[in-house]
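The values are calculated or read from the model by the stated rules, or taken from the named source; none is laboratory data. Given the structure is predicted, the values throughout are model-derived calculations rather than measurements. Cβ placement follows ideal geometry from the backbone for every residue including glycine, while neighbour counts extend to all protein chains displayed. Please note that ligands, DNA and RNA were not included when accessible areas were found on the heavy atoms of the full protein model with its side chains. Shrake-Rupley method; radii C 1.70, N 1.55, O 1.52, S 1.80 Å.
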Amino acid sequence: MVPPAALACVAPFASLVLLVMGNSSLGTIAALRLEIEGYEPGSIGLVLALTSLGFVLGSLLGIRIVKRVGHVRAFAVFAAVGAVAALSHPLHVSMPGWMLFRFALGFCIAGMMLVTESWINSHATPQSRGSLLAIYMVLFFLASSSGQFVVALCDPGAYRLFVVAAILIILSLVPISLTRSTPPQIKPGHRLTIRVLWGRSELGLGGAAVSGVMLGAFGAVGPVYGHEMGLAVEQVGVFMGLSILAAMAIQWPMGYLSDYLPRRLVIVCVAGAAVAMALFIATLGQRSALHLYGGVALFYALTACLYPLSLALTHDMLSKHQIAPASSPLLLVYGLGAVAGPVFGGAAITVLGPPGLFVF
């Protein structure tokens, strides 16, 4: 059953889908365009890493803009600047220029995610928060995977794909600008730090950070793991796609369950099951395609549940006016984890071979 609070969040949900579709497609388009231009893989990785750095800074500073002008106007500012950054890519193809564009885009994406997450959480209750965040994650993964189909529309060496990605980002403005739903209220001067949140819920904040590490590591290094395990290029796509589908499928049942059982218990059980699956893959993943595809899909699905469950637990410990300020430090620790994950995940494969990713 869809919680009634979801009806108040239709606009931010719709904006989220358009935003993630645009951003997801743009990441792949940018990587392909740089490769076409003849840049080395190391240089491409450096350029794309600036997006994560911008995301971290946006998570830290974006809340100031939201406090100053409100959620709707802040979203409009972030969307406008993000669209400009997207459109600027084909105008000036160079390492310094694209590093600046990717950084600006990452900052704006963090700001828009901050607005949508705080909006959704402000309308949730302890009885519906898990289900509402599950809907959020299902739509996120659906939009992320759908954005990849945009890449097939035309040649990434041309400018058209960048325009399509920018159009999607701009269109994300429409639902949230037209909604009559009340945006979250932030009391002037009210600020929540990571230290304060840690005092409220160590498990919630720690779960968000660890989720960022694991999802960041698998998202960036998972294709390398699949290739090292002997999968062809098209098989790696299926391998990653099945994992995203599994994550979508399990979000709603887990979110619904966490609304009726103690959320701490659900988080601990999910984390324990993810550890068991990681060890299973590390030791038995090479035995057959069923072991590999099935094990990895279930591992990624369980891991993807940790972030929304951790958010729900943390917000349960806060008063209503603290929820919007809390979105900034939660996104920050997730972003820092997502930056660190690929570094340590890649190092684990280098030292221990392909199974090292899941040992890590």
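What's the number of the condition Gln286 fails, among (1) part of a helix (DSSP H, G or I); (2) within 15 Å of Tyr225 (Cβ to Cβ); (3) touching a Leu at 6+ places or on another chain (Cβ under 8 Å)? Of everything listed in (1) part of a helix (DSSP H, G or I); (2) within 15 Å of Tyr225 (Cβ to Cβ); (3) touching a Leu at 6+ places or on another chain (Cβ under 8 Å), Gln286 misses just condition (1). None of Ala166, Ala208, Ala217 is part of a helix (DSSP H, G or I) and modelled with pLDDT under 85 except Ala217. Within the range 216-237, does at least one residue satisfy the condition of being closer than 17 Å to Ser145 by Cβ and exposed (fewer than 14 other Cβ atoms within 10 Å of the Cβ)? The answer is yes; a qualifying residue exists. The set of residues in the range 86-95 being over 14 Å from Glu37 (Cβ atoms) and either surrounded by fewer than 24 Cβ atoms within 10 Å (Cβ to Cβ) or in contact with a His (Cβ under 6 Å, 6 or more places away or on another chain) (or both) consists of Leu87, Ser88. Looking at this structure, is Gly353 out of contact with any helix residue (DSSP H, G or I) (no Cβ under 8 Å at 6 or more places or on another chain), small (Gly, Ala, Ser) and surrounded by fewer than 15 Cβ atoms within 10 Å (Cβ to Cβ)? Criteria not met by Gly353.
Okay, residues lined up against (1) over 21 Å from the mean Cα position of the chain (by Cα); (2) under 30 Å from Pro253 (Cβ atoms); (3) open to solvent by 40 Å² or more (accessible area, probe 1.4 Å); (4) of a type in the set (Gly, Ala, Ser):
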site: Ala74; (1), (2), (3), (4): no, no, no, yes
site: Gly82; (1), (2), (3), (4): no, no, no, yes
site: Met99; (1), (2), (3), (4): no, no, yes, no
site: Gly106; (1), (2), (3), (4): no, no, no, yes
site: Met112; (1), (2), (3), (4): no, yes, no, no
site: Val115; (1), (2), (3), (4): no, yes, no, no
site: Trp119; (1), (2), (3), (4): no, yes, no, no
site: Gly130; (1), (2), (3), (4): no, yes, no, yes
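Among all positions in the range 271-288, there is at least one residue which is open to solvent by 70 Å² or more (accessible area, probe 1.4 Å), at pLDDT below 85, of a type outside the set (D, E, K, R) and more than 24 Å from Met137 (Cα to Cα).
Results for (1) free of Cβ contacts under 8 Å to residues at least 12 places away in the same chain; (2) part of a helix (DSSP H, G or I); (3) closer than 22 Å to Gly337 by Cα; (4) in contact with a Pro (Cβ under 7 Å, 6 or more places away or on another chain), shown as yes or no for each residue.
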| site | (1), (2), (3), (4) |
| --- | --- |
| Gly212 | no, yes, yes, no |
| Pro223 | no, yes, yes, no |
| Val236 | no, yes, no, yes |
| Met240 | no, yes, yes, yes |
| Ile244 | no, yes, yes, no |
| Met248 | no, yes, yes, no |
| Trp252 | no, yes, no, no |
| Leu261 | yes, no, no, no |
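Can Val174 be described as open to solvent by less than 60 Å² (accessible area, probe 1.4 Å) and part of a helix (DSSP H, G or I)? Judged against the criteria, Val174 is not a match. Here Ser310 clears all of (1) at pLDDT below 85; (2) assigned to a helix (DSSP H, G or I); (3) closer than 23 Å to His123 by Cβ except the condition numbered (1). Selection of first residues in the range 315-336 that are surrounded by 24 or more Cβ atoms within 10 Å (Cβ to Cβ) and of second residues that are assigned to a helix (DSSP H, G or I) and at pLDDT below 70, restricted to Cβ pairs under 8 Å at least 6 apart or on distinct chains, gives the following pairs, ordered by first then second residue: His315/Ile323.
Only one of the listed residues (Arg102, Arg64) is modelled with pLDDT under 90, over 20 Å from Pro329 (Cβ atoms) and either in contact with a strand residue (DSSP E or B) (Cβ under 8 Å, 6 or more places away or on another chain) or in a helix (DSSP H, G or I) (or both). That residue is Arg102.
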